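The next block holds one structure in the form of structure tokens; read it before the comments.
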Amino acid sequence: MRPLEERQPTLAVYKFASCDGCQLSLLDCEDELLAVAGAIQIANFPEASREVLPGPYDVVLVEGSITTPHDEERIHDIRRAAGVLITIGACATAGGIQALRNWKDVDDFVNIVYANPQYIETLETSTPISDHVDVDLELRGCPIDKGQLVEVIAAYLQGRKPTIPTYSVCVECKRRGTPCVMVKGTPCLGPVTQAGCNGLCPAYDRGCFGCFGPMESPNTAALADQWHALGIPANRISEAFRSFNAWSGAFREESDRWEERSPV
Amino acid sequence: MSEVRRVEVDYLARVEGEGSMKVMVRDGVVEEVEFGIFEPPRFYEAFMVGRQFTEAPDITARICGICPIAYQMSSVHAMEDACGVTVDGQLRELRRLIYCGEWIESHGLHIYLLHAPDFLGYESAVHMAADHRELVEQGLQLKKVGNDIVTLVGGREIHPINVKVGGFYKLPAKSDLDALAGKLEWAREAALNTVEVVAGFDYPDVEIDYEFVSVCHPDEYPFSEGNIVSNKGIDIPASGFNDVFTEEHVERSNALQSRVKERGAYHVGPMARYALNYEKLTDSAKKAAANVGLGEVVLNPFKSIIVRAVEMVYACDEALRIIDAYEPGGPASVPVEPKAAVGHGATEAPRGMLYHRYEIADDGSIVTAQIAPPTAQNQLIIENDLRVVLEDNLDLPDDDLSWRLEQSIRNYDPCISCATHFLKLEIDRG
């Protein structure tokens, strides 16, 4: 390929096990989409275009988790043809809610949903992309924040580091002026969850349920104890950590700790 | 020696999720037509077992990033059905409003970004924008108005957080809704223009005798309440779904295929809703349809794009009506106490009827879950259409034939991520 100074950089978008919501975030940039398409060539984005230009690609966005033998192979081909590989969303960065299979026997799951299990090819686990290939940057969220997506693409085009917060949702609530819902007795994962949603749920009078996964160095044990003091049974505390980012380190460990306790 | 012609598309573009197409023609006779779904299964019905009934709207939203409201609405209605609770008054109206937002957003996405490029001969809307910039801008802004409604009522456009069993976590302020009115007035004009623009496209001459199925309400164009009705005699409450329909698992698909037990393939989506509920459209939506010569029943699947545009007009009218009448006050939700029971919910996702069934226990935990997404229900009819379109177009060269067949699949706005529990295109002319 010609050097970047002499041509438009190229963008590719790939999907693995997921709901499509994170790549939709790109099409949801209604005010920016045509400008983005002017600055970076959309070379391979099947949801948006029939045209597929040959790789390698300068920027590759990957949505979804690895759940099949075929996808386990495919991600390596994608990595080889990628300049910068960015994973987008809880499925790609943590395995997604489909990682709940990781605690169960997947054959049981196949049997519950499908009449002819022999047609279904699936792995025992749902795992993040970073378990399989090197990832240059992870964008958290279920779904991702489209502002963060535009920031990452803009930062790449400008040759700078993107500004993505790693502090907790609590900081966003304080900045937004939202009264703490835990103080009113509503269990909230905000103190251990990475920012990115702009403190959304507490602003709607409900507790955070962890869309952006664990913040940097979360104290999940202290928060879980506080939930228990509010009267939340152990099994429900375990389930709270087991949603869209269930398989990410700190949430996984805390969920296991409470699963082992008696249900009350 | 026989002459075999294959057309295969391994990865369908401009659809949501992973699907394929494969057809084979031997000596001018169509031998094989396959709409495949290779989207990896995620096992929602299995891992929801044991979770709390209150979690269903947040969890099932994640089945689909394009139509999370449909999943939230079918699940809350099913749970409320199980628990013997009816949500009425302004909470019901707000649910209709947020569904209007999803229809405008999803129809806007499909008409302008996914489907119109087929009719105008472009690979994508971005390519189309080079020659039709104002049209693409109009589509993006229409889509944005839909997303603005979902964001205002639901908190954010993808996987909204404000919908709960029993109602909402927090009610929007009157002033916030009023701020939408101006945008919706613009959107209604843009939707009326959309009807005219898409009606001007060239359409293949084809009509198919469908069994249309949709939710029907006596007084309203359907979103979330009413019987499941067809033009061939079905008229049942949602609880009767499994008596009339069956879901089968076939090798080429990770989605279960639905059929009417007695007859086979059926058609859900905008054309079905329109045919079965035409008289409940607003006057301006009816007039927009009449102005472009659209009858009260549309049987040409390629004209689904015009019906979508008419439904956008309706959704703008309905949203404006709700906003105008909205008076905040009262609780944001009604209490819902769990009890051991079975509940059903059938609502109209932008791409067709979405059925949920849950069995819950006394403590509110989910015992069994069943989800029948619209694209899974449409799989068979999509293959039937492919066969008809293929037979009508055998004289086309492979590239043009493939594009026409892909367009035929996109008539259904398939959402493959949803359907899997879903799609792969190969054309084999054998």
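Modelled label positions at B:Leu394 and B:Lys174, each set 7 Å beyond Cα in the direction of Cβ, lie 6.7 nm from each other.
For chain A, the longest principal axis of the C-alpha atoms and the axis of helix A:220-229 are separated by about 40°. When the pairs A:Lys184/B:Lys164; A:Lys146/B:Lys144; A:Lys184/B:Lys170; B:Lys164/B:Lys339; A:Lys174/B:Lys164 are compared against a 22 Å limit on Cα-Cα distance, A:Lys174/B:Lys164 fall above it.
Per residue of peptide A:29-35, the mean number of Cβ atoms on other chains within 10 Å of the residue Cβ is 5.
Highest average first, the peptides A:88-94, A:3-9, B:132-138 ordered by how many other beta carbon atoms sit within 10 Å of their residues are A:88-94, B:132-138, A:3-9. For segment A:1-21, list whatever residues lose no less than 40 Å² of accessible surface once every protein chain is in place, relative to that chain by itself, with the probe at 1.4 Å. Listed by number, the residues meeting the 40 Å² cut-off are A:Lys15, A:Cys19, A:Asp20. For chain A, the longest principal axis of the C-alpha atoms and the axis of helix A:146-158 are separated by about 40°.
Inter-chain Cβ neighbour count for B:140-150, averaged per residue, equals 2 (cutoff 10 Å, partner chain atoms only). Calculated accessible area for segment A:169-259 comes out at 39 Å² per residue, all protein chains present (probe 1.4 Å; ligands, DNA, RNA ignored). Per-atom-type breakdown for segment A:4-158 gives carbon and sulfur 48% of the accessible area (1.4 Å probe, protein chains only). Straight-line reach from B:Lys232: which lysines have Cα under 16 Å away, leaving out those fewer than 8 places along the same chain? Cα-Cα hits under 16 Å: B:Lys261.
Each stretch of four or more DSSP H residues adds -39500 (n - 2.57); spread over every residue of chain B, this sum gives -13500 deg cm²/dmol at 222 nm.
Considering only C-alpha atoms, what is the centroid distance from segment B:107-155 to segment B:316-350, in Å? That distance is 28 Å.
Computed from backbone phi, the HN-Hα couplings of segment A:161-172 come to 7, x, 9, 10, x, 10, 7, 8, 4, 3, 4, 5 Hz, rounded to whole numbers (Karplus: 6.51 cos²θ - 1.76 cosθ + 1.60, θ = phi - 60°; Gly and Pro given as x).
Under 16 Å Cα-Cα from B:Lys183, which aspartates and glutamates qualify once same-chain neighbours fewer than 8 residues away are excluded? Of all the aspartates and glutamates, those that pass the test against B:Lys183 - Cα under 16 Å, at least 8 places apart if same chain - are A:Glu30, A:Asp31, B:Glu102, B:Glu105, B:Glu137, B:Asp148, B:Asp317, B:Glu318, B:Asp324. Answer rounded, prolate or oblate for segment A:169-259, using the Cα gyration tensor with square roots of eigenvalues a ≥ b ≥ c: rounded when a/c is under 1.5, else prolate when a/b is larger than b/c, else oblate. Oblate is the answer for segment A:169-259, as a/c is 1.5 or above yet b/c matches or exceeds a/b.
The Cα center of segment A:188-255 and the Cα center of segment A:62-118 differ in position by 23 Å. Classify the protein assembly as shown as rounded, prolate or oblate from the Cα gyration tensor: take a ≥ b ≥ c as the square roots of its eigenvalues, call it rounded if a/c is under 1.5, otherwise prolate when a/b beats b/c and oblate if not. Judged from the Cα gyration tensor, the protein assembly as shown comes out rounded (a/c under 1.5). The GluC sites (Glu not before Pro) of segment A:157-264 meeting both criteria, a DSSP state outside H, G, I, E and B (loop) and at most 12 other C-beta atoms within 10 angstrom of the site's C-beta, are A:Glu216, A:Glu260.
Stretched out straight at 0.36 nm per residue, the stretch from A:Lys161 to A:Leu137 would grow longer than its current Cα-Cα span by 7.6 nm. Overall, the anisotropy analysis places chain B in the oblate class: the square-rooted eigenvalues a ≥ b ≥ c of its C-alpha gyration tensor yield a/c not less than 1.5, with a/b not exceeding b/c. Remark: segment A:9-151 carries a charge dipole of roughly 100 debye about the Cα centre, counting +1 on each Lys and Arg Cβ and -1 on each Asp and Glu Cβ. Take each residue of peptide B:160-170, count the partner chain Cβ atoms within 10 Å of its Cβ, and average: the result is 3.
The values are calculated or read from the model by the stated rules, or taken from the named source; none is laboratory data. Here the structure is a predicted model, which is why all the values come from computation and not from measurement. Quick reminder, even Gly has a Cβ in these numbers, built from the backbone with ideal geometry, and neighbours come from all protein chains shown. Side chains are part of the model used for accessible areas, which takes the heavy atoms of the whole protein and leaves out ligands, DNA and RNA. Shrake-Rupley method; radii C 1.70, N 1.55, O 1.52, S 1.80 Å.
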